[in-house]
Amino acid sequence: MPKVGMQKIRKPQLIEAAISAINEYGFSGATVSIIGKKANVSPAIINHYFGGKSGLFDETMKSLIAEFFQVLKHELNKPENTTAHARVMAIVKASFSQSQTHPQVVKAWIGFWASSMHTKSLFRLQRVYSKRLQTTLVVELKKELEVDQARNVASTVCALIDGMWLRGSLDGGINKAVTMQQIQYYLDLVMRYNHALRLQ
């Protein structure tokens, strides 16, 4: 955790430097020394404010998660997103927004995902992010579906988001239009099936 009294400008500066270092050197290669040089600060500053590299990486992931949910809130607040269907697709759109698919951010996310399997603090953050995303989807889907079905569909949508995001990232770029279309197709099928059941 950053220490109380840390300058407000210093934290984002160091987080930006950490993301840049991960982009160039990978998660394990982004040392405190490299990050310090990119931020134009002494490695001692990082150790003082964050307790070392792991603390800075925790704060970097928190920052990426917070940014994602800010984008998501913005999408959900758009006046055209009134139906459950539209609001679920707004959540999907937020997952593939420019801030989440920027090449540097993509590498940071992949690094965090891989490291969360071995680092308790990152694992905990990843779980918080995943649960919050799924809960947000369930809240919208419950407007059209039964609770159990809403949870199942939310889980599938999350898996589609993660799978499409990861595949596109490893292929050198995410085709947002195709990705949105494919998830839209799945959601359309679910909603049509649900509507047909109600008419029986």
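The values are calculated or read from the model by the stated rules, or taken from the named source; none is laboratory data. Everything quoted here is computed from the prediction, not taken from an experiment. Here the Cβ is made from the backbone with ideal geometry for all residues, glycine too, and neighbour counts use every protein chain on show. These area figures cover heavy atoms from the full protein model, side chains too; ligands, DNA and RNA do not enter into them. Shrake-Rupley method; radii C 1.70, N 1.55, O 1.52, S 1.80 Å.
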Before rounding to the nearest 500, sum -39500 (n - 2.57) across all DSSP H runs of length at least 4 in the chain and divide by the residue total; then give [θ] at 222 nm in deg cm²/dmol.
-> -26500 deg cm²/dmol
With all protein chains present and a 1.4 Å probe, how do TYR185, TYR129 order by accessible area, largest first?
-> TYR185, TYR129
Classify the range 20-61 as rounded, prolate or oblate from the Cα gyration tensor: take a ≥ b ≥ c as the square roots of its eigenvalues, call it rounded if a/c is under 1.5, otherwise prolate when a/b beats b/c and oblate if not.
-> oblate
Rounded to 10°, Cα long-axis angle of helix 176-199 versus longest principal axis of the chain = 40
Rounded to 10°, Cα long-axis angle of helix 53-76 versus longest principal axis of the chain | 30
Assigning unit charges at the beta carbon (Lys, Arg +1; Asp, Glu -1) and nothing else, what dipole magnitude in debye, to the nearest 20, does the chain show about its Cα centre?
-> 520
Once both label points are put 7 Å beyond Cα along the C-beta direction, the HIS74-TRP113 separation in nm becomes 2.3
Output for the range 23-90: GluC sites (Glu not before Pro) sitting in coil per DSSP, at most 10 other Cβ within 10 Å, listed by number, reads GLU80
Mind listing the phi-derived Karplus ³J(HN,Hα) values for the range 145-157, rounded to whole Hz, using 6.51, -1.76 and 1.60 with θ = phi - 60°, and x for any glycine or proline?
-> 10, 5, 4, 4, 5, 4, 5, 5, 5, 4, 4, 5, 4
Using a Gaussian network for the chain with springs between C-alpha atoms less than 10 Å apart, which of these wobbles most: VAL178, VAL88, VAL106?
-> VAL178
Computed log₁₀ I(q)/I(0) - Debye formula, equal Cα scatterers, no solvent, the range 1-97, q 0.14, 0.20 Å⁻¹ | -0.60, -0.87
Work out the length of the dipole vector of the range 53-144 about its Cα centre, built from +1 on the beta-carbon of each Lys and Arg and -1 on the beta-carbon of each Asp and Glu, and round it to the nearest 20 debye.
-> 280
